[in-house]
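Beneath this line is the structure, given in C-alpha cells, with notes to follow.
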There are 2 protein chains.
Amino acid sequence: MSDFTEVGNSELDAFVTACFEKSGVSKEDSRITADVLIESDRRGIASHGVARLRRYIEGLRNGVMVPNAVHEVVKETPTTLLISGNGGLGQPVSYKTMKLVIEKAAKHNVAVAAVRNSNHYGIAGYYSMMALKENLLGISMTNTSPLVVPTFGRNALLGTNPISLAAPSGREQPFVLDMATSTTPQGKLEEYNRRGKTIPEGWATDAQGLTSTDPALVLKNLKTRAGGGLLPLGGASEESGGHKGYGLAMIVEILTGVLSAGAFGPDVGRSPNAPANVCHFFAAINVAAFIPLDQFAAQLDGLIRTVRDSAKAPGQDRIYIHGEKEFTAAGRQKERVGLLNKVVEDIRDVGATLGVKAGF
Amino acid sequence: MSDFTEVGNSELDAFVTACFEKSGVSKEDSRITADVLIESDRRGIASHGVARLRRYIEGLRNGVMVPNAVHEVVKETPTTLLISGNGGLGQPVSYKTMKLVIEKAAKHNVAVAAVRNSNHYGIAGYYSMMALKENLLGISMTNTSPLVVPTFGRNALLGTNPISLAAPSGREQPFVLDMATSTTPQGKLEEYNRRGKTIPEGWATDAQGLTSTDPALVLKNLKTRAGGGLLPLGGASEESGGHKGYGLAMIVEILTGVLSAGAFGPDVGRSPNAPANVCHFFAAINVAAFIPLDQFAAQLDGLIRTVRDSAKAPGQDRIYIHGEKEFTAAGRQKERVGLLNKVVEDIRDVGATLGVKAGF
C-alpha cells in the first residue's frame, strides 16, 4: 500500500475552505488561505501545505490568529504601503497586499509594501509569482519565529526568513527562487525526525551552541527556546560563509519587522496564545519600464538555457533552475494532489472536530 | 620590518586621481573612482582597493574600459532608470546613478535603476551606503565575469554577484551587508595562493567539476575558462544549500544584465580587449514613507544590540554585525591607510609609467 492518497484539488479546496469558515474566517479569506496551502502541496512543498491545517485551526482557536481580523492600511503613498494584518491569518493579508503592490507597480513601475501584525503566510513564492501574470518581477519575504542562530551565537534569534523572487520568462518556465536563509528549513528537521534519521553537520546546533545531528533535540530546544537552533545558509563558520546567511536573515528582519514597526527577532511569536506578529515585505518592478517584456523574457530564457544545458559535474546528470522542480510537480498535480496518508487522516480529523466532512 | 606602509589618505587620493586623469579619464570621474578604491582600503577590504589600480589602468589602455565614456540615460520614469555606462569605468556611472536613484526615492519613496555596459565597480557597499546620508535604505548589486559554477554544473557561468543593503541606524553603526553570493570571493583565493596555502573544501572545483583545494589551479582555470570555479554560498550540494547561493547569483544576473539588456552569465567580460559589459542594479527605499525615521533607527539599534549582546557559542567571544568590522577599520584609517608594501611598490610603478609621482 502506498504512503500517499491522491485527493481531488476541488474536493480538497472545498474542505479546507470550509474548515476555515467554520473557525470564523470570512468566505473570501478562507478561500485565499486554502488556495495558498493547496498550491504549496501542488508544487511539492508538503511542509507548507495542508499538513499545517491543524496548526492554523488551533491558532485561530487559541488567539495566535484572529479569525475575523480585517487588514488595515496604516500608511500609503503612490509607491508604498504599510499594512497591519491586525492579528489575522497571514495568507489573506499577504494576498491582498501583493494585489495592491502589483496595481501600484503597474502604474508607477515599482512599489513596495511592509506588513506587520500578521501570521505565518505559507510559501513565499505564492506572492512573488502573483506578479508574473502582470509581467512584473515579484518579491516576497517574511520573518518567522526565531529559529536561526547568528554566526558565533548560541541562541536562535532570527527567523528562517525566506526570500522569493519571481521573474517572467518566455518559452521556459518562470524563474522562481523561494529559499529560507537558513541552510535548511525547520520542516526538513521534522522530516528527518519522523524518519528517525540524524541530520548532517552544519544544519543545526544544540542548546550549548555546538553542532548537533539530533533533529528531535534541536526541535525541542527551538520550541522551548532553550538555546541552539538552525544554522544560517553557509553553516557555522565565516570560512564557510555562515555570516552571509546570517546577514540575509538580518535583511529580512529589517525589511519586514523593523520597517513595519512590527515584531522582529525574538519578539516574533513570543506567546503561544497571542498574535505572533509575523511581518512581511512585498515588492514588484515593472520590466517594461526598462526594456520591452519580450526582450526580457527572451534573455531570461537564454540565461536559463545556458545554465541548464551546460556541462555537468561528475556524477550529475541535471542542473535545475529555481522553480523547475515545483512547476513539474504542479503540472502533474493539476487535478489531483498526492498527500501523505497520515496527513489525510489528520486533516479529516481536524474537519471532524469542526463538523466539516471531507469529500475525499 | 612591517609588511605594511601607512599612507596619508589625501596623498593617496591625489596620486590615484592623477593616474586616472593621465589615462584620459575626466577629473570628476577620476576623483570618484579614486574615492571608491581608497574607501575600500579604509574599510579593510584590500582586495577591492588600490591594489587593483594596475588592472584599471591597463583596462583603460587595452579597451576593456573607455576612458572618456559618458554615461547615458536610456530610459527614465519618475521611479526607474535604465543607464548605459557606454563602456566606461564602473565607479563613476555607479556613483552618478545611485545619486539619481536617491533623488528619485527622496521624491517618490522608492526608485530602482539598472545599468549596462559598465565595468568592475569596486565594493558594492559604497553605493548602498550613499543612501544612508539621505535616511534611505540603499541596495546595490553587480554581476561580474563568470566565476561561479551552478549547483551540479562543471563550468563557471555566473558572477560572484555581490549583494549589498545598507540601513540607517541610531546610536549603533549602520547595518551594511556586502556579500558575494559565492562561498568566498575570488580575492580570497588569490590571498591563499600568495601565501602558498591550500583552500578549504567547499570553496571551489577543478576543471572536471570536482572539489579542489589548489587555489593556483582554480585561478588559472577561471582565467582561461577551462572549467570549474568558485562554489556558490552553501557549497557543492543541495544538502548544504548550494542551490540557494546559486539562486542568489541568478537573481543578481536577472536584476543586472537581463533587466538592463546588457551582458549576463558567460557573456560578461568575454574579451580581454573589449568592454566587459558588467551590469549593476541600484535601489533606494524611503524609510519615512513607512514609519518615522527615529523609530526605524531605534528599532534597528534594538535588533543590533539583541543579536550582538546575546550568548556566544562555545569558544566565541563576539558576534559581529554586518559592517561592524569595516566601520572599525575606517575609523582607525581616517587619516592614514595601511597598504601592503608590495601594493605601494606596485602602484608607484604604475604611476611611474604614467609620469605621476607618488607623494608618499
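With no solvent and one equal point scatterer placed on each C-alpha of region B:119-185, evaluate the Debye formula and give log10 I(q)/I(0) for q = 0.16, 0.19, 0.20 Å⁻¹, two decimals.
Scattering profile of region B:119-185, log10 relative to I(0): -0.57, -0.72, -0.76.
Suppose we keep just the alpha-carbon trace of region A:1-127; what are its Rg and Dmax in angstrom?
15.5, 57
Compute the distance in nm between two label points, each set 7 Å from the Cα along the Cα-to-Cβ direction, one at A:Ser271 and one at B:Thr353.
6.9
Which whole-Hz ³J(HN,Hα) couplings does region A:42-52 yield from phi under the Karplus relation 6.51 cos²θ - 1.76 cosθ + 1.60, θ = phi - 60°, glycine and proline marked x?
4, 7, x, 9, 4, 4, 10, x, 5, 4, 8
If the cut-off is a Cα-Cα distance under 18 Å, which lysines reach A:Lys75, setting aside same-chain residues fewer than 8 apart in sequence?
Correct list for A:Lys75: A:Lys96, A:Lys99, A:Lys104, B:Lys107.
Could you work out the Rg to Rh ratio of the protein assembly as shown, with Rh taken as the Kirkwood radius (inverse of the mean 1/r over all Cα pairs)?
In the protein assembly as shown, Rg relative to Rh is 0.97.
Each residue of region A:34-39 in turn: what ³J(HN,Hα) in whole Hz from Karplus with 6.51, -1.76, 1.60 and θ = phi - 60°, glycine and Pro shown as x?
So the J values, rounded to whole Hz, are 4, 5, 5, 5, 6, 4.
In deg cm²/dmol and to the nearest 500, what is the mean residue ellipticity at 222 nm of chain A if only DSSP H runs of at least 4 residues count, each as -39500 (n - 2.57), divided by the residue total?
Counting only the DSSP helices, I get -12000 deg cm²/dmol.
So if R0 is 30 Å, what FRET efficiency would B:Ala106 and A:Val70 give, r being the distance between their Cβ atoms, rounded to the nearest 0.05?
E between B:Ala106 and A:Val70, to the nearest 0.05, is 0.35.
In debye, nearest 20: dipole of region B:72-220 around its Cα centre with unit charges on the Cβ of K, R (+) and D, E (-)?
My answer is approximately 200 debye.
Could you grab the relative contact order for region B:184-230? Cα pairs under 8 Å, six or more apart, rounded to a whole percent.
36
What would the Debye equation give as log₁₀ I(q)/I(0) for chain A at q = 0.10, 0.13, 0.14 Å⁻¹, counting only Cα atoms as equal point scatterers?
The Cα Debye sum returns log10 ratios of -0.63, -1.11, -1.29.
Say each of A:Leu293 and B:Arg61 gets a label point 7 Å from the Cα, pointing the same way as Cα to Cβ; how far apart are those two points in nm?
Computed distance between label sites A:Leu293 and B:Arg61 equals 5.0 nm.
Once you wrap a convex hull around the alpha carbon atoms of region A:184-230, what is its projected area averaged over all directions, in nm²?
2.6
From the convex hull of the Cα coordinates of region A:215-360, what is the mean projected area in square nanometres?
Quarter of the Cα hull surface area: 15.7 nm².
Normalised by the number of residues in chain B, what is the relative contact order in percent for Cα pairs under 8 Å and 6+ residues apart?
Reported as a whole number, the value is 24 percent.
Between copies, how far does the label point of B:Lys220 sit from its twins, in nm, shortest first, when each point is 7 Å from Cα along Cα→Cβ?
Here B:Lys220 shows inter-copy label distances of 5.4 nm.
Which whole-angstrom value gives the distance between the alpha carbon centres of region B:1-50 and region A:230-309?
34
Could you please report the charge total around A:Glu238, scoring K, R as +1 and D, E as -1 over all other residues with beta-carbon less than 15 angstrom from its beta-carbon?
The answer is -1.
Under a Cβ-Cβ cut-off of 12 Å, what is the net charge of the residues other than B:Phe360 that fall near it, where Lys and Arg count +1 and Asp and Glu count -1?
Overall, the nearby charge balance is -1.
Please list the equivalent ellipsoid semi-axes of region A:218-262, computed as the square roots of five times the alpha-carbon gyration tensor eigenvalues, in descending order and whole angstrom.
After scaling each eigenvalue by five and taking roots: 21, 19, 6 Å.
Considering only the other residues whose Cβ falls under 11 Å of the Cβ of B:Thr213, what net charge follows from Lys and Arg at +1 and Asp and Glu at -1?
-2
Determine ³J(HN,Hα), in whole Hz, for all residues of region B:171-185 in sequence, where each value follows from phi through the Karplus function 6.51 cos²θ - 1.76 cosθ + 1.60 and θ = phi - 60°; x replaces Gly and Pro.
Calculated HN-Hα couplings, in order: 7, 7, 5, x, 7, 9, 8, 8, 9, 5, 8, 8, 4, 9, x Hz.
Taking trypsin sites (Lys or Arg not before Pro) that fall in a DSSP loop and have at most 12 other Cβ atoms within 10 Å as cut points, what is the longest piece of chain A between them?
The longest such stretch corresponds to A:1-170.
FYI, it's all coordinate maths here, none of it is from the lab. None of the values given here were measured: they were computed from a predicted structure. All Cβ positions, glycine included, derive from the backbone under ideal geometry; neighbour counts span all protein chains shown.
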